[in-house]
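Engineer: The structure under discussion is supplied below as structure tokens; questions concerning it will follow.
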Amino acid sequence: MAEVWAAYLAFGVPPARRALIGGNWKCNGTTASIKKMVEVLNNAGPFPVESEVVIAAPSVYLSFLKSIIRKDIAVSAEDVALTTKNGAFTGEVNGAMLADIGLKWALTGHSERRVGFGYPGETSDVVGKKTKAAITAGLSAIACIGEQLADRQSGKTMAVCAEQLAAIAAALEPNDWAKVVIAYEPVWAIGTGVTATPAQAEETHKQVREWLAANVSAEVARKTRIIYGGSAKASNCKELIACPNIDGFLVGGASLLPEFVDIIKCTPGNI
């Protein structure tokens, strides 16, 4: 698909950034349910060249999913170890292991991991270092940022996002940004059925891009894809993707449903 996208860029005045449509299956799935969803995707017909599709799945199913899914969908890990080494790190899966099974992507810093699952979550410093660990292993990273409801209500949305971005930027070299996608997740809109309005989402995406320009470089700001991760679904994806600073989605629950195909196919004429 990279070659097809390159050819597409040669015609007319195409968008500068190809949309990334990501699915995050979280802690969901069985062998049977994954087979069923893959059948839907494999029989969905051609995907638009404007959409690059990546699905993050639980680690126990990564090799299985990769073996049966269509080749124009990349498979991603939902997390990556902080360590880049093998050794006494029980339960961890490092980037080299993910690369060894043919993966090209990993999520870092998802809001659920930042909050924690009944124990302290990951700090911004850890997320930055995990993002670097993924890139060091040859993976691309979908690095997640976003605010809680109290942050938005108190006008601190961009202050929270800036702190999270700064930790990522501190861990990276300038050339690393070519392998980073930023996923903005308004945490109050994840799994709640509440979605930020297109205007709210676009405002924050624009501010994130301005932060990158001011704190990394104008080139990184122009080229980095900033995707929206707040309950995107078939009913709102076209309006969201039409916003100039929204470069795709990180889809949670809807990526487990047939409507994910509609989200993948929402890009032509809208970016």
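Engineer: Can you spot a residue in the range 79-87 that is polar (S, T, N, Q) and within 29 Å of ALA242 (Cβ to Cβ)?
Structural biologist: No: zero hits.
Table: residues versus (1) open to solvent by 30 Å² or more (accessible area, probe 1.4 Å); (2) over 21 Å from ALA169 (Cα atoms).
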{"residue": "ALA19", "(1), (2)": "no, yes"}
{"residue": "VAL60", "(1), (2)": "yes, yes"}
{"residue": "PHE64", "(1), (2)": "yes, yes"}
{"residue": "LEU98", "(1), (2)": "no, yes"}
{"residue": "THR108", "(1), (2)": "no, no"}
{"residue": "GLY128", "(1), (2)": "no, no"}
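Engineer: Residues of the range 220-244 being open to solvent by 10 Å² or more (accessible area, probe 1.4 Å) and either in a strand (DSSP E or B) or touching a strand residue (DSSP E or B) at 6+ places or on another chain (Cβ under 6 Å) (or both), which ones?
Structural biologist: ARG225 - this is the single residue of the range 220-244 that is open to solvent by 10 Å² or more (accessible area, probe 1.4 Å) and either in a strand (DSSP E or B) or touching a strand residue (DSSP E or B) at 6+ places or on another chain (Cβ under 6 Å) (or both).
Engineer: Moving to a separate point now. At pLDDT 95 or above, over 20 Å from THR108 (Cβ atoms), among the β-branched types (Val, Ile, Thr) and under 17 Å from the mean Cα position of the chain (by Cα), is that true of ILE182?
Structural biologist: no
Engineer: Let me ask something else. If you check every pair at least six apart or on different chains, which have Cβ atoms under 7 Å apart with a residue in the range 156-177 that is within 17 Å of ILE142 (Cα to Cα) first and a residue that is among the acidic types (Asp, Glu) and modelled with pLDDT of 95 or more second?
Structural biologist: So the pair list comes out as CYS161/GLU147; ALA167/ASP125.
Engineer: Let me ask something else. Can you tell me which residues in the range 255-271 are of a type in the set (Gly, Ala, Ser) and either at pLDDT below 95 or open to solvent by 20 Å² or more (accessible area, probe 1.4 Å) (or both)?
Structural biologist: Across the range 255-271, the qualifying residue is only GLY269.
Engineer: Please find, within the range 29-48, the residue that is farthest from the chain's Cα centre (by Cα) out of those that are part of a loop (DSSP other than H, G, I, E, B) and in contact (Cβ under 8 Å) with a residue 12 or more places away in the chain.
Structural biologist: ALA44
Engineer: Need the failing condition index for LYS132 against (1) open to solvent by less than 20 Å² (accessible area, probe 1.4 Å); (2) closer than 22 Å to VAL54 by Cβ; (3) not polar (S, T, N, Q), just the number.
Structural biologist: Here LYS132 meets the rest and fails (1).
Engineer: Listed residues TRP188, TRP211, TRP177; which is within 21 Å of GLU112 (Cβ to Cβ) and open to solvent by 10 Å² or more (accessible area, probe 1.4 Å)?
Structural biologist: TRP188
Engineer: Also, I was wondering about something else. Determine which member of the set ASN94, ASN86 is farther than 22 Å from GLY253 by Cβ and open to solvent by 60 Å² or more (accessible area, probe 1.4 Å).
Structural biologist: ASN86
Engineer: Right, something else. Select from the range 196-244 the residues that are without any contact (Cβ under 8 Å) to a residue 40 or more places away in the chain and on the phi > 0 side of the Ramachandran plot and list them in ascending order.
Structural biologist: none
Engineer: Just one of VAL4, VAL80 is of a type in the set (A, V, I, L, M), at pLDDT 95 or above and either assigned to a helix (DSSP H, G or I) or under 30 Å from LYS129 (Cα atoms) (or both); which is it?
Structural biologist: Just one listed residue meets the conditions, VAL80.
The values are calculated or read from the model by the stated rules, or taken from the named source; none is laboratory data. Everything quoted here is computed from the prediction, not taken from an experiment. Note: ideal-geometry Cβ built from the backbone for every residue, glycine included; neighbour counts use all protein chains shown. Side chains included, ligands, DNA and RNA excluded: accessible areas come from the protein's heavy atoms. Shrake-Rupley method; radii C 1.70, N 1.55, O 1.52, S 1.80 Å.
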